[in-house]
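To start, the structure itself, in structure tokens.
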Amino acid sequence: ARPGEAVIVSGTLCDHGMAIMNRRQNLGLESSLVSDVAPLWGMIKAVLAEVPDIRCLRDPTRGGLAAALSDISGTSRCGIRIREQDIPVRREVQGACDILGIDPLSVANEGKAVIVCPADKADRVLAVLKRDPIGREARIIGQATREHPGMVVMETRAGGERIVDLPTGESLPRIC
């Protein structure tokens, strides 16, 4: 990633991890928690065909968005600044995370992608993603920065900032 580039997620986060946790742990949460498992190649192939200068593509599976962004910022030696209000998390999924005390940024995802692209191509990437049913909830959630190299910083809904650390341990054990 390079400073100034846009950070995009291809859809809502945490759906998979919370659906699996609800079933595995017999939490009995009455909701429509459903895994977001989906093949991404068709959607990603369309994005790459229209915007071949994508800088990074990552799946936020193990360790969730926090791990994917921490890896990108560390490898790129740039900072990443994200906005909590722009991160798409379904209401029932956020509620389950709140009840269980789990940070949604560290929950496993399937069928989602994190994309870093030049800022002037971000709207085009979003348009391509949203044409696919898997990407209809895609959002720009932040950008790469020169500040805080190797760190991810989130602007919170409350107006503060917090460091998004690489998750330690696992809130959801490996599935396979």
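The values are calculated or read from the model by the stated rules, or taken from the named source; none is laboratory data. The shown structure was predicted, so the numbers you read here are calculated from the model rather than taken from an experiment. Quick reminder, even Gly has a Cβ in these numbers, built from the backbone with ideal geometry, and neighbours come from all protein chains shown. Each accessible area value is taken on the protein alone, full model and side chains, heavy atoms only, with ligands, DNA and RNA left out. Shrake-Rupley method; radii C 1.70, N 1.55, O 1.52, S 1.80 Å.
Assorted remarks:
- Val93 at pLDDT below 90, buried (at least 23 other Cβ atoms within 10 Å of the Cβ), within 16 Å of the chain's Cα centre (by Cα) and not in a strand (DSSP E or B): yes
- Matching residues in the stretch 72-90 - criterion: being β-branched (Val, Ile, Thr) and outside any helix (DSSP H, G or I): Ile80, Ile82, Ile87, Val89
- Search result, residues across the stretch 46-71 that are of a type in the set (A, V, I, L, M, F, W, C), open to solvent by 10 Å² or more (accessible area, probe 1.4 Å), in a helix (DSSP H, G or I) and over 21 Å from Pro133 (Cα atoms): Ala67
- Against the conditions (1) open to solvent by 50 Å² or more (accessible area, probe 1.4 Å); (2) not in a loop (DSSP other than H, G, I, E, B), Ser32 satisfies every one except (2).
- Residues that are more than 25 Å from Met21 (Cα to Cα), open to solvent by less than 70 Å² (accessible area, probe 1.4 Å) and outside any strand (DSSP E or B) within the stretch 103-128 comprise Pro118, Ala119, Lys121, Ala122, Val125, Leu126, Ala127, Val128, listed in sequence order.
- Among the residues making up the stretch 61-81, those that are under 18 Å from Ile140 (Cβ atoms) and out of contact with any Leu (no Cβ under 7 Å at 6 or more places or on another chain) are Ala68, Leu69, Ile72, Ser73, Ser76, Cys78, Gly79, Arg81.
- Residue in the stretch 77-95 that is without any contact (Cβ under 8 Å) to a residue 24 or more places away in the chain and among the small types (Gly, Ala, Ser) present: no
- A single member of Arg146, Arg131 is in contact with a helix residue (DSSP H, G or I) (Cβ under 9 Å, 6 or more places away or on another chain), surrounded by fewer than 18 Cβ atoms within 10 Å (Cβ to Cβ) and touching a residue at least 40 places away in the same chain (Cβ under 8 Å), and it is Arg131.
- The one condition in (1) in a strand (DSSP E or B); (2) open to solvent by less than 50 Å² (accessible area, probe 1.4 Å) that Gly11 fails to fulfil: (1)
- So Arg83, is it open to solvent by 40 Å² or more (accessible area, probe 1.4 Å), modelled with pLDDT of 95 or more and more than 15 Å from Val47 (Cβ to Cβ): yes
- Residues of the stretch 149-171 satisfying the condition of being surrounded by 13 or more Cβ atoms within 10 Å (Cβ to Cβ), at negative phi, of a type outside the set (S, T, N, Q) and assigned to a loop (DSSP other than H, G, I, E, B): Pro149, Met151, Asp165, Leu166, Pro167
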